[in-house]
1. Quick check for you: with a 1.4 Å probe and neighbouring chains kept, what is the accessible area per residue of the chain, in Å²?
2. Leaving ligands and nucleic acids out of the surface, order Trp150, Trp156 by accessible area at 1.4 Å, largest first.
3. Rank these by accessible area, largest first, 1.4 Å probe: His163, His84.
4. Largest first, what is the accessible-area ranking of Asp49, Asp212 with a 1.4 Å probe?
5. To the nearest 10 square angstrom, what accessible area does Glu76 show with a 1.4 Å probe?
6. Rounded to the nearest 0.05, what FRET efficiency do Ala92 and Arg25 have when you use their Cβ-Cβ distance and R0 = 41 Å?
7. So for the chain, averaging the separation of alpha carbon pairs under 8 Å that are six or more residues apart and normalising by length, what relative contact order in percent results?
8. Show log10 I(q)/I(0) for region 1-142 at q = 0.12 Å⁻¹, two decimals, from a solvent-free Debye sum over equal Cα scatterers.
Amino acid sequence: MKKDYYAEKLSSARLRKVYDVASPRVRRYLEEEIRFVLDRIQPDACVLDLGCGYGRVLERLASGTKRIAGIDTSLESLKMALQHGRGSFMLALMNGVSLGFREKAFDLVACIQNGISAFKVDPPGLMREAVRVTRAGGRVLFSSYSEKFWPHRLEWFREQASHGLLGEIDEEATANGVIVCKDGFRATTFGPDDFRALASGLGLTAGIFEVDESSVFCEIIPQGTELSHTEHAGITEETGR
């Protein structure tokens, strides 16, 4: 798949349609992801949304803080966010592996909805840059899909394909968390072990969370702040090393 698939075929209004056709269960997954991030934002925090698209998540995160920025590689999506978005935020045309921000500029950096895989960039480079621009004691959040969400995710992608937003699903090649379309699109995921290995390779400690049996979150707290083991409604946390 071309690296610019999203920018060329799933930007602005077409990207918005992806979420418009989502089932109630998928909408719940999307909402729980945002809630997880909002719970970690302080009112005075400076937040960065990696891959903000047309502003779907950006608008919600803006409600939890006074300072927020969003970056994306699609100019059309950013224009849509600027024209139709509500709230106060900064937008920039930028690639997540080459951020034009100074070190430790943000209190929280979020890359959710499987951006770690969907962006089709170097995952270590993406995580390294996110950590670079996050202050000591801040938070870096990446999310992907839980294995338990596979049936709902697959049905959502089939729905997208039926509306012409993706190519026809290659049912024979699609399995085990990997969705393949006949136009070359290929969607993969990061599981808990993948996130742990990625963080460990960069000398980082990762906290792994499963949210609502739909998302897997990887949380990095720069400069080695320890994470504890806790469990609470809908969220299971375990410390990875």
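The values are calculated or read from the model by the stated rules, or taken from the named source; none is laboratory data. None of the values given here were measured: they were computed from a predicted structure. So basically every Cβ, Gly included, is an ideal-geometry build from the backbone, and we count neighbours across all protein chains shown. Note: accessible area is taken over every heavy atom of the protein model, side chains too, but ligands, DNA and RNA are not part of it. Shrake-Rupley method; radii C 1.70, N 1.55, O 1.52, S 1.80 Å.
1. 47
2. Trp150, Trp156
3. Working: His163 85, His84 110 Å².
Final ranking, largest accessible area leading: His84, His163.
4. The most accessible residue leads, giving Asp212, Asp49.
5. Here the residue's solvent-accessible area equals roughly 100 Å².
6. 0.80
7. 18
8. -0.44
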